[in-house]
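Nothing in this text is a laboratory measurement; each read-out follows from the coordinates by a stated rule. Remember, predicted model here, so these are calculated numbers, not experimental data. In this analysis, Cβ positions are derived from the backbone assuming ideal geometry, glycine residues included, and neighbour counts consider all displayed protein chains.
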Amino acid sequence: MRKIVLVYSGGLDTSVCIPLMREEYGYDHVITVTVDVGQPAEDIRLAAERAQKLGTEHYTIDAKEMFVRHFCWGAVRANGDYQGYPISTSIARPLIALKAVQKARELGANAFGHGCTGKGNDQFRIEYILRTLMPDAEIVAPMREGRLLPDGRREPWTRSEEIDYANAHGLDIPQSHSKIWSIDENIWGRSIEGGRLEETDYAPPEEIFLWTKGFDSCPDTPTEISIGFDNGSPVSINGTNLEPLELVTQLNKIAGDNGVGRIDIMEDRMLGLKVRENYECPGAVTLVTAHRALEALIGTQSELKFKGLVDREWGELAYKGLWFDPLKENLEAFINTMQTRVTGTVNLRLYRGSIQVIGRSSPYSLYNADLASFDSKTFNQSESLGIVKTHGMQSRMYFEIKRDELRRLGRSEGELLRLEGDTSDA
Ligand code: ARG
């Protein structure tokens with residue numbers, strides 16, 4: 001018996017992979033693994049149903065709690081962002097692959113299949129984890145390889161060919177069933193692409209959003225909430241301590257009802273392809289906004305500047321799925337030491353799609369009201385003079401040289417300041 005573990009979502013691509021594994025790749029024992037990271041319950045159910053119809057040994061693995069605790073919270077601590085949206089699909093892939101590896105080890109399988117195409121990011125993310133954890137395993141990607149033609153050549157599958165193939169193997173997917181949007185969903189966010197969204201100037205229709213209200217159907221009055229953090233991780237909403245999964249679930253609802261977390265961007269995929277992506281991630285946007293606000297209260301100026309660089313690098317590594325990369329580990333060493341002070345509370349106002357920070361407090365706050373207030377005597381303003389005098393010394397020297405040069409050429413200082421039309425020479 002040749003066993004293979006198929007990373008299975010229950011969608012058309014991965015379903016087509018099941019008979020393909022048997023007919024073309026010679027695996028007579030197909031084990032399907034669906035990892036629940038908070039995708040719709042209906043998808044999980046449908047996956048189990050289709051797996052049963054196609055006669056696989058099927059497992060549904062609930063990884064929601066682990067996903068939030070380790071992956072989403074890790075993203076919060078790093079303000080996990082790629083090109084302006086909170087990364088979500090990318091942080092779920094390592095966990096999905098990890099669970100597939102665990103199942104393969106348990107069942108003594110040494111081969112993996114997945115339904116990723118050759119255009120996207122997921123092939124990188126999933127195979128990186130599989131190859132890292134099981135370097136000797138065989139990996140097959142039928143969707144990337146394409147459909148085998150009678151003459152031995154291969155070409156990309158079309159949707160209707162996939163449907164025909166699935167139907168011929170006992171999976172009745174109605175031909176009329178035209179799926180308009182390509183959606184990936186987990187508890188940290190929904191990503192919607194395809195259909196008319198491929199036209200970059202086509203406004204996202206209301207129907208693609210399931211978690212967030214359009215601003216015209218939001219409540220008339222703002223909702224104010226407070227988020228508590230401990231050691232950089234979210235722990236409470238409005239003073240009530242919540243388990244990670246419950247916290248994100250509640251926040252998706254609260255922020256989503258106020259229309260917070262819709263993002264429409266052009267995203268650069270790993271292979272350089274630009275894609276138009278729409279995201280809705282109310283909880284993630286709220287938590288990262290709050291977390292940033294708390295960091296701004298407790299971090300030193302230079303620490304915050306550096307954290308911005310660290311976060312950016314972290315986000316890129318996470319986007320690429322390089323979960324065990326040494327740079328990622330090293331960045332996290334910095335992040336984690338800093339996070340020991342990211343404890344406190346942030347108050348937010350949510351209103352018709354907008355999110356406003358309206359307060360923050362922390363026992364580690366570096367803000368000193370006495371120093372900053374205008375009438376304070378603690379800060380002796382006259383002592384600033386010496387520092388002000390030396391401020392920008394080198395750039396003033398540079399300006400001197402430029403001015404001399406201009407004078408020699410008989411041109412005005414106005415040119416130096418790039419003030420068009422100013423001919424005076426100060
Ligand atoms: N572009 C995003 C990423 O690579 C999300 C892709 C999700 N897929 C989808 N069919 N919407 O992380």
>> Counting other beta carbons within 10 Å of each residue's own, what order do Cys72, Cys17, Cys116 fall into, fewest first?
In response: Cys116, Cys17, Cys72
>> With only alpha-carbon pairs counted, each pair once and no self-pairs, how large is the Kirkwood hydrodynamic radius of the chain in angstroms?
In response: 24.9 Å
>> Between Gln301 and Phe334, what is the label-point separation in nm under the 7 Å Cα-to-beta-carbon projection?
In response: 1.9 nm
> Using the count of nearby Cβ atoms within 10 Å as a rough guide to exposure, how do Glu206, Glu295 rank from fewest to most?
Replying inline: Glu206, Glu295
> Rounded to the nearest 500, what is the chain's calculated 222 nm mean residue ellipticity when only DSSP H runs of at least 4 contribute -39500 (n - 2.57) each, over all residues?
Replying inline: -12000 deg cm²/dmol
> Which value, in debye to the nearest 20, gives the size of the charge dipole of the chain about its Cα centre, when Lys and Arg are +1 and Asp and Glu are -1 at the Cβ?
Replying inline: 820 debye
> Using a simple charge model, +1 on the beta-carbon of Lys and Arg, -1 on the beta-carbon of Asp and Glu, nothing else, what dipole does segment 235-383 show about its Cα centre, in debye to the nearest 20?
Replying inline: 300 debye
> Mind checking which lysines have their C-alpha under 24 Å from Lys402, skipping anything on the same chain fewer than 8 residues away?
Replying inline: Lys389
>> Sort 211-224, 43-56, 399-412, 249-262 by the packing proxy (mean of other Cβ within 10 Å over each peptide's residues), most packed first.
In response: 249-262, 43-56, 211-224, 399-412
> With point charges of +1 on the Cβ of Lys and Arg and -1 on the Cβ of Asp and Glu, referenced to the Cα centre of segment 1-137, which listed residue (Gly11, Ala48, His70) lies farthest in the positive direction of the dipole?
Replying inline: His70
> Once phi is turned into ³J(HN,Hα) by the Karplus curve 6.51 cos²θ - 1.76 cosθ + 1.60 with θ = phi - 60°, what whole-Hz value does each residue of segment 4-13 show in order, with x for glycine and proline?
Replying inline: 9, 9, 9, 6, 10, 9, x, x, 4, 4
>> I'm a student and want to see the number: the projected area of the Cα convex hull of segment 145-225, averaged over all directions, in nm².
In response: 9.5 nm²
> Tell me, what ³J(HN,Hα) does each residue in segment 340-349 have, in order and in whole Hz, if you take phi through Karplus 6.51 cos²θ - 1.76 cosθ + 1.60 with θ = phi - 60° and put x for Gly and Pro?
Replying inline: 4, 9, 8, 10, x, 10, 10, 9, 10, 10
> Of Leu95, Leu331, Thr200, which is farthest along the charge dipole of the chain in the positive direction, counting Lys and Arg as +1 and Asp and Glu as -1 at C-beta?
Replying inline: Leu331
> Among Arg292, Arg93, Arg2, which comes first, then next, by fewest other beta-carbon atoms within 10 Å?
Replying inline: Arg2, Arg292, Arg93
> Whose amide H sits under 5 Å from the amide H of Val235, counting only residues 5 or more places off or on another chain, with H placed in the peptide plane?
Replying inline: Gly228, Phe229, Asp230
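Tell me which trypsin sites (Lys or Arg not before Pro) from segment 317-382 have a DSSP coil assignment and no more than 13 other beta carbons within 10 Å of their own. Present the calculation step by step, with values, prior to reporting the outcome.
Values: sites: Lys320, Lys328, Arg341, Arg349, Arg352, Arg360, Lys377; in loops: Lys320, Arg341, Arg352, Lys377.
Filter output for segment 317-382: Lys377.
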> Which of Lys274/Lys328; Lys253/Lys307; Lys103/Lys213; Lys253/Lys320 have a Cα-Cα distance over 32 Å?
Replying inline: Lys103/Lys213
>> Tell me which of Gln394, Thr300, Trp314 sits at the most positive position along the dipole axis of segment 259-413, charges placed on C-beta atoms (Lys, Arg +1; Asp, Glu -1).
In response: Gln394
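Placing +1 at every Lys and Arg Cβ and -1 at every Asp and Glu Cβ, with all other atoms neutral, what dipole size does segment 4-70 have around its Cα centre, in debye to the nearest 20?
With only Lys, Arg, Asp and Glu charged at Cβ, the dipole is about 100 debye.
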